[in-house]
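Engineer: Mind looking over this structure? Questions follow.
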Amino acid sequence: MPSQSESAKLFILDASGSMNEYLGIYQKVHLAKKYVRHFVDKLPEETEVGFIAYGNRLPGCQSSRLYQPLEKGNRPGFQNKLFGLTPSGATPLAESIRIAGDYIIRRKSPTDLILVTDGIESCYGNPEKELQVLQQKGVNFKMHILGLGLKPEEKRIMQSLAKTGNGKYYNVGEDSDFFLAVEDLLKQEPQPKRTEIEPEKRKPKIRISDIERKQTDSEENFYRVKFVFENSDSDNQCVILNLKRRSSVSFKTQNWNPQRTTEPERVLRTEQICFKTKKGEGEFQISAPAHLPLNLELELWDTKGIPSSVDKSGEKNLTE
């Protein structure tokens, strides 16, 4: 069961016009939706979640609205409203903080405000003053900020605002920064004592079930690589096979995404099979030089919306 001190999560989401712009190869609004959903999906079902958004097809500086009240368990409703956001309008941060404060002031339990924005106040308000007013009223909250592609001066302003809100600031310059910021926020959550189900949590989503080898001639082998997968979060996914040169020396490269194959510089060839189901099985049929020391590793990718890797099989020796 959740701790009595567990905080509700009230997001303040930027749906202003600039969120249509790109951060790397993705639109900012798509990244925000992807990782807010990821964050919420990782929280216990008992955690209350909701969100305020500003912009969202509304012009001017009075666009902040409470779109999803804080509720337990209503994840489908949260996601439907989240993915319905359409960027347009200005950036009324102070108004949004005031609306959030008026909403949570009636609550006795602590609340984390999580602001996701690509800009600073554009409506002549004073966000820092609004936070100070809430603190003077004894509201039990923290405010964390994820800044998307902010300029140095904007970043300094947001760092100061997060400090005033007793929270953390995360600078997001690309997709991987967003992933790491969300994972860091999740690490701060109190861990429920459910040791009896921990092994189930670690069940791999993709694994190699069998490798059959058949030598076709002295120069080449034929392989049937069988696998099984299960990902309850999506019914659109692809399995990627990475054929890798074996190495006795470990490269000192940073693996920023633990769901991606390690040491990608050793990958010689990739193949892909896609499915429209949450779980299933399949096989790759490949040929490879008989005398070349090779490993292989599978990755499972969720291709519903913005493609993202969700798990890997671990390396298997192919040629022994």
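Engineer: Name the residues in the stretch 96-146 that are within 18 Å of GLN159 (Cβ to Cβ) and among the charged types (D, E, K, R), would you?
Structural biologist: Matches in the stretch 96-146: ASP112, ASP118, GLU121, GLU128, LYS129, GLU130, LYS142.
Engineer: Next question, about the same structure. Determine, yes or no, whether ARG37 is within 21 Å of LEU185 (Cβ to Cβ) and surrounded by fewer than 22 Cβ atoms within 10 Å (Cβ to Cβ).
Structural biologist: yes
Engineer: A follow-up question, please. Being open to solvent by 10 Å² or more (accessible area, probe 1.4 Å) and touching a Leu at 6+ places or on another chain (Cβ under 9 Å) narrows it down to one of TYR54, TYR26, TYR22, TYR67, so name that one.
Structural biologist: Sole residue among the options that is open to solvent by 10 Å² or more (accessible area, probe 1.4 Å) and touching a Leu at 6+ places or on another chain (Cβ under 9 Å): TYR67.
Engineer: Moving on to the next point. Residue by residue through the stretch 220-230, note down the ones that are modelled with pLDDT of 90 or more and either more than 20 Å from PRO289 (Cα to Cα) or buried (at least 18 other Cβ atoms within 10 Å of the Cβ) (or both).
Structural biologist: Hits for the stretch 220-230 are VAL225, PHE227, VAL228, PHE229, GLU230.
Engineer: Continuing with the same structure: I'd like to know if the stretch 113-125 contains one or more residues that are open to solvent by less than 40 Å² (accessible area, probe 1.4 Å), in a helix (DSSP H, G or I), more than 30 Å from GLU46 (Cβ to Cβ) and not β-branched (Val, Ile, Thr).
Structural biologist: No, because not a single residue in the stretch 113-125 is open to solvent by less than 40 Å² (accessible area, probe 1.4 Å), in a helix (DSSP H, G or I), more than 30 Å from GLU46 (Cβ to Cβ) and not β-branched (Val, Ile, Thr).
Engineer: Out of everything in the stretch 82-104 that is open to solvent by 30 Å² or more (accessible area, probe 1.4 Å) and assigned to a loop (DSSP other than H, G, I, E, B), what residue ends up being nearest to GLN62 (Cα to Cα)?
Structural biologist: GLY89
Engineer: Next question. Which residue out of GLU153, GLU130 is part of a helix (DSSP H, G or I), assigned by the TED database to the domain that holds SER18 and surrounded by fewer than 14 Cβ atoms within 10 Å (Cβ to Cβ)?
Structural biologist: Checking each option against the conditions leaves just GLU153.
Engineer: Follow-up question, since we're still on this one. For the stretch 251-262, state whether one or more residues are at pLDDT below 80 and over 30 Å from GLN27 (Cβ atoms).
Structural biologist: Yes: the stretch 251-262 contains one or more residues that are at pLDDT below 80 and over 30 Å from GLN27 (Cβ atoms).
Engineer: Can you work out which of the residues in the stretch 176-219 that are touching a Ser or Thr at 6+ places or on another chain (Cβ under 6 Å) and modelled with pLDDT of 85 or more is least open to solvent (accessible area, probe 1.4 Å)?
Structural biologist: ILE206
Engineer: Test each condition in (1) on the phi < 0 side of the Ramachandran plot; (2) touching a residue at least 40 places away in the same chain (Cβ under 8 Å); (3) open to solvent by 50 Å² or more (accessible area, probe 1.4 Å) for PRO59 and report the one that comes out false.
Structural biologist: With respect to (1) on the phi < 0 side of the Ramachandran plot; (2) touching a residue at least 40 places away in the same chain (Cβ under 8 Å); (3) open to solvent by 50 Å² or more (accessible area, probe 1.4 Å), PRO59 is out only on (2).
Engineer: Which ones in the stretch 274-283 are in contact with a Cys (Cβ under 9 Å, 6 or more places away or on another chain) and either charged (D, E, K, R) or open to solvent by 50 Å² or more (accessible area, probe 1.4 Å) (or both)?
Structural biologist: Correct list: CYS274 only.
Engineer: If LYS72 satisfies all but one of (1) within 28 Å of ASP41 (Cβ to Cβ); (2) in contact with a helix residue (DSSP H, G or I) (Cβ under 6 Å, 6 or more places away or on another chain), what's the number of the condition it fails?
Structural biologist: All conditions pass for LYS72, except number (2).
Engineer: Taking the stretch 156-175 only, how many residues are part of a helix (DSSP H, G or I) and either at pLDDT below 95 or outside the structural domain of TYR22 (by the TED database) (or both)?
Structural biologist: 1
Engineer: Let me ask something else. Suppose we filter VAL49, VAL40 for residues that are in contact (Cβ under 8 Å) with a residue 40 or more places away in the chain and not in a loop (DSSP other than H, G, I, E, B); which single one remains?
Structural biologist: Among VAL49, VAL40, only VAL49 is in contact (Cβ under 8 Å) with a residue 40 or more places away in the chain and not in a loop (DSSP other than H, G, I, E, B).
Engineer: Take the residues of the stretch 120-179 that are more than 17 Å from MET19 (Cβ to Cβ) and of a type in the set (Gly, Ala, Ser): which is nearest to the chain's Cα centre (by Cα)?
Structural biologist: SER176
Engineer: Hey, can you tell me all the residues within the stretch 290-302 that are open to solvent by 40 Å² or more (accessible area, probe 1.4 Å) and at pLDDT 85 or above?
Structural biologist: Answer for the stretch 290-302, where residues must be open to solvent by 40 Å² or more (accessible area, probe 1.4 Å) and at pLDDT 85 or above: PRO293, TRP301.
The values are calculated or read from the model by the stated rules, or taken from the named source; none is laboratory data. Predicted, not measured: the structure shown is a model, and the values here were computed from it. Neighbour counts run over all protein chains shown; Cβ positions are idealised from the backbone, glycine included. Just so you know, the surface numbers come from the protein's heavy atoms only, side chains and all, with ligands and any DNA or RNA stripped out. Shrake-Rupley method; radii C 1.70, N 1.55, O 1.52, S 1.80 Å.
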